Amino acid sequence: MQETGLSQDIVYTGVPGLDELLGGGVPRGTTIILEGNPGTGKTTLGIQFLLEGARQYGESGIYITFEELPEQIYRDMSGFGWDLRELERQNKLRIICLEPDVLLDQMMRTDGLFEQLIREIDCKRVVIDSISLFRTLGGIQTDGREQIYSIRNIMRKFNLTAFFLREYGEWEGRSTPFENYVCDGIIRLSLREHLEKYRKRTIEILKMRGTCIVEGEHHYRFMKDGICILPALSMVEDKILSDGVDRLSTGIESLDELLLGGLPQGSAFMLDSNSKANYKYLMTSIYAERIKQGDCVLFMLSGLSSVETLEQSLQLFGASLREAALEERVFFIDHYHRKVAPEYENLIVYVDRLSNEEYQKKVYEAINPHFRETIVQGKRWFIHYDLNTIISERGREFVKRHFADEMARCRAAGITVLCQSNFTEIGLETASFLERASNGVIRTWVDGSYQYLQITKSPGGRMSAPHIVDNIRDRPYVRLI
Ligand SMILES: Nc1ncnc2c1ncn2[C@@H]1O[C@H](COP(=O)(O)OP(=O)(O)OP(=O)(O)O)[C@@H](O)[C@H]1O
Ligand SMILES: [Mg+2]
C-alpha cells in the first residue's frame with residue numbers, strides 16, 4: 001500500500017467487482033454501513049474485506065461481533081475455504097466477541113483494550129457486526145445515536161476504514177436513521193424474487209463520500225471462494241482489439257472518454273440513430289478530426305449529404321475538404337450522380353444505375369489504387385459507410401452477404417469504419433446481424449425533450465451508461481453529460 005497522505009490514500013476492498021463499483025476503492029478512514037436482510041451475506045462480505053486486506057494488501061483487521069461466537073464464524077467461513085485461524089496466528093486478523101457496552105467502554109478509554117489491540121496488530125480495517133444492537137443499548141429516546149457517533153469518531157481518530165453491518169428494514173417506517181448521516185457510505189445487499197422464477201441477489205451503493213460510484217443494482221454471487229460482484233453493463237472483454245491499438249479521437253472529449261481514448265484504429269463502429277436524433281454534429285466532428293490529422297477518408301454519400309453540404313459542415317469544425325481534395329486524400333461514392341466542383345471530379349465514384357456486381361467492381365477499381373499508394377506512405381484510412389443508403393440502393397440481402405466480409409477486410413488492413421444506420425428502420429434481424437459484425441455500437445436517440453447517447457457495444461466489452469447530448473455554442477457543438 002502506498003502511504004501518500006490521507007486524501008489520496010485509497011483502500012481497496014479486494015472483493016471481486018466491488019472496487020470497480022466504488023470507482024477504485026474507498027478513501028482511507030471512511031465508515032461504511034453494509035445493510036441487508038438475514039442471509040444476504042453481510043458477514044461474508046465483512047470477513048472478505050478483512051481477509052483480502054490481509055492477503056492482498058498486507059493490512060490487518062479486526063472483526064467485532066456481538067451476535068455470533070468466533071467459533072461459529074470460523075466454521076461458516078471455512079465453507080469458502082478461508083482459514084481465519086491461520087490469519088489470526090499471523091496477527092493479520094482478530095475476531096472478537098464482546099457485549100456492545102463493553103466494547104464502547106474499552107473504546108472510549110485512552111489505552112483501553114481496543115487501542116492496544118490496534119497497536120498490537122497495526123490494524124487498518126474494522127468490521128462491526130452489527131450496529132443494530134446499539135439501538136437497544138441507547139434506549140428508545142436516543143436511538144443509539146450517541147454510541148454510533150462515538151464509534152464512528154474513534155474509527156476516524158485511528159484512521160480505520162470500517163464496515164458497520166446493519167439489519168436492513170429494521171428502521172423501516174421510521175425517519176432516516178441517524179447513522180445514515182454520520183457515516184460516509186451505505187451499501188445495500190438485497191435478495192428478492194425475480195420474474196417469479198428465481199431469486200436475485202443484488203448489491204447497490206446508496207451513498208459514498210469522496211468516490212465516483214457506479215450507480216444501480218449489480219448482481220452478486222456466492223462462489224466457492226467468497227462473494228463475487230458482477231458490475232452491470234460489463235461484458236466479456238475482447239482483449240485482442242483493445243490492447244495496444246491506436247485510438248482515433250472523435251473530437252468530442254467526453255465521447256473520447258467513453259471510448260477510452262477514441263475509436264480503436266481498425267475497428268468497425270455503428271452509429272445507430274433514429275431520424276429525430278441529431279447525429280450530424282457527432283459524425284462531422286469525427287470526420288473533421290480525421291481530415292485535420294491528415295488521414296485519408298472515403299465518404300459514402302447519402303441522399304441528404306452531398307459533397308457540397310459535407311464541405312460546409314466540415315468547415316464549421318475547422319476542416320477543409322477542399323484542401324484534403326487537393327492532397328488527394330478524400331474520396332466519395334455517390335449513388336445520386338450529383339455534380340461537383342472541379343477539384344472533386346476525379347475523386348468521386350458514381351455508382352448510380354449499376355448492378356450490385358458492377359457497383360462492387362467499380363468501387364474496388366476506383367479506390368484500390370489510391371489505397372495501395374497511400375498505405376505505403378503510412379497514411380491511415382477512415383471510411384464513412386452509410387448503411388441506410390446501401391440498404392435502400394443495394395438491398396438488405398447485399399448487406400447480409402457482404403458486410404461482415406468487408407468489415408473483416410478493413411479490419412485486417414487497419415482501416416477504421418464508421419457505419420451510419422437506423423436499426424429500427426433496418427429491422428431487428430438485420431440490425432442484430434450488423435451489430436454482431438461490428439466491433440462497437442454507439443446509439444443516440446431522442447426521448448421527450450432530450451437526446452441521449454450510449455455505447456452499447458465496444459471492443460473493450462464495456463457498455464456505457466446513457467448520457468445526455470448537450471448542445472454547446474462552440475466546437476464541437478456537443479458534449480455528453
Ligand atoms: N460456500 C458457502 N459457504 C457459506 N455460506 C454460503 C456459501 N454459499 C452460499 N452461502 C450462503 O451465504 C449465506 C450466509 O451469508 P451471511 O452469513 O454472510 O449473511 P448475513 O447477511 O450475515 O446473515 P445474518 O443476517 O443471518 O447474519 C447463507 O445463507 C448461505 O446460504
Ligand atoms: Mg451475519
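Rounded to the nearest 10 degrees, what's the angle between the helix 280-292 long axis and the longest principal axis of the chain, both from Cα atoms, 0 to 90? In the chain, helix 280-292 runs at an angle near 70 degrees to the longest axis. Placing a label point 7 Å from the Cα of GLU425 along the Cα-to-Cβ direction, the residues of region 274-292 whose backbone N falls under 12 Å of that point are 274-277.
Ranking PRO177, PHE164, TRP445 by Cα position along the charge dipole of the chain, where only Lys, Arg, Asp and Glu carry charges on their C-beta atoms, puts TRP445 farthest toward the positive end. With both labels modelled 7 Å from their Cα along Cα-to-Cβ, the ILE468 to TYR74 distance reads 5.7 nm. Straight-distance candidates among the lysines for linking to LYS157, with alpha-carbon spacing under 18 Å and chain neighbours fewer than 8 residues away dropped: LYS124.
Give me the percent of accessible area attributable to carbon and sulfur for region 1-132, probe 1.4 angstrom. Please list the in-between numbers first.
Details: 2560 of 5450 Å².
About 47 percent, which is the carbon plus sulfur part of the accessible surface.
Relative to its residue count, region 374-434 spans a Cα convex hull of 81 Å³ per residue.
Working out 0.36 nm times the residue gap between LYS276 and GLU328, then minus their Cα-Cα distance, what length gain in nm do you get to one decimal?
Numbers: separation 52, 0.36 × 52 = 18.72 nm, distance 3.44 nm.
Roughly 15.3 nm would be gained on extension.
Note on ALA408 and GLU67: the model spin-label points, each 7 Å out from Cα along the C-beta direction, lie 5.7 nm apart. If R0 is 60 Å, the Cβ-Cβ spacing of GLU358 and CYS228 corresponds to a FRET efficiency of close to 0.60. Packing order of peptides 84-93, 465-474, highest average first: 84-93, 465-474 (average count of other Cβ atoms within 10 Å over each peptide's residues). Each Lys and Arg adds +1 at its Cβ and each Asp and Glu adds -1 at its Cβ; summed about the Cα centre, region 10-230 shows a dipole of about 400 debye.
In percent, how large is the relative contact order of the chain, given Cα pairs closer than 8 Å and 6 or more residues apart?
Over the chain, the number comes to 15 percent.
So what does the Cα-only Debye profile of region 10-230 read at q = 0.08, 0.09, 0.14 Å⁻¹, as log10 I(q)/I(0), no solvent term? So the normalised log intensities work out to -0.26, -0.33, -0.85.
Using only C-alpha atoms and all pairs of different ones, pull out the Kirkwood radius for region 15-83 in Å with one decimal. Don't skip to the end; give the middle numbers.
Values: mean 1/r = 0.0747 Å⁻¹.
In region 15-83 this quantity evaluates to 13.4 Å.
Calculate the FRET efficiency for ARG156 and VAL214 from the Cβ-Cβ distance with a Förster distance of 25 Å, rounded to the nearest 0.05. In this case the efficiency is close to 0.45. Note on the chain: dipole from Cβ charges, positive end direction compared against SER285, VAL15, THR430; the farthest Cα belongs to THR430.
Show that you can apply the helix-only estimate: for the chain, add -39,500 (n - 2.57) for every DSSP H stretch of four or more residues, divide by all residues, and state [θ] at 222 nm to the nearest 500. Don't skip to the end; give the middle numbers.
Details: 19 runs with 180 residues, N = 481.
Rounded to the nearest 500, the figure is -11000 deg cm²/dmol.
Report the FRET efficiency, 1/(1 + (r/R0)^6), for GLU343 and LEU191, where r is their Cβ-Cβ distance and R0 is 60 Å, rounded to 0.05. Numbers along the way, then the final one.
Details: r = 67 Å, r/R0 = 1.12.
So the FRET efficiency works out to roughly 0.35.
Largest first, the extents of the alpha carbon coordinates of the chain on the three principal axes equal 90, 48, 44 Å. Among the GluC sites (Glu not before Pro) found in region 407-461, not one is both in a DSSP coil and sparsely packed, with 10 or fewer other Cβ atoms within 10 Å of its Cβ. Charging the Cβ of each Asp and Glu at -1 and of each Lys and Arg at +1, and nothing else, the dipole of the chain about its Cα centre rounds to 400 debye.
For region 312-395, which chymotrypsin sites (Phe, Trp or Tyr not before Pro) are both in a DSSP coil and crowded by at most 15 other Cβ atoms within 10 Å?
Numbers: sites: PHE317, PHE331, PHE332, TYR336, TYR344, TYR350, TYR359, TYR364, PHE371, TRP381, PHE382, TYR385; in loops: PHE317, TYR336.
Hits after loop and neighbour filter: TYR336.
By accessible area, using a 1.4 Å probe on protein heavy atoms only, region 239-480 has 49% of its surface on carbon and sulfur.
In straight-distance terms, cross-link reach from LYS200 covers every one of the lysines whose alpha-carbon lies under 21 Å from its own, apart from those fewer than eight places away in the same chain; here that gives LYS42, LYS224. The solvent-accessible area of CYS212, taken with every protein chain present and a 1.4 Å probe, is close to 110 Å².
Considering all C-alpha pairs of region 265-407, those separated by over 26 Å amount to 21%.
Once the 1.4 Å probe is applied to the protein heavy atoms, the chain comes out at 48 Å² accessible per residue.
Site pair VAL376 and ASP105 shows an inter-label distance of 9.1 nm when each label is modelled 7 Å from Cα along Cα→Cβ.
The values are calculated or read from the model by the stated rules, or taken from the named source; none is laboratory data. Owing to the predicted nature of the structure, the values given are computational and were not obtained by experimental measurement. All Cβ positions, glycine included, derive from the backbone under ideal geometry; neighbour counts span all protein chains shown. The accessibility values were calculated without ligands, DNA or RNA, using every heavy atom of the protein model including side chains. Shrake-Rupley method; radii C 1.70, N 1.55, O 1.52, S 1.80 Å.
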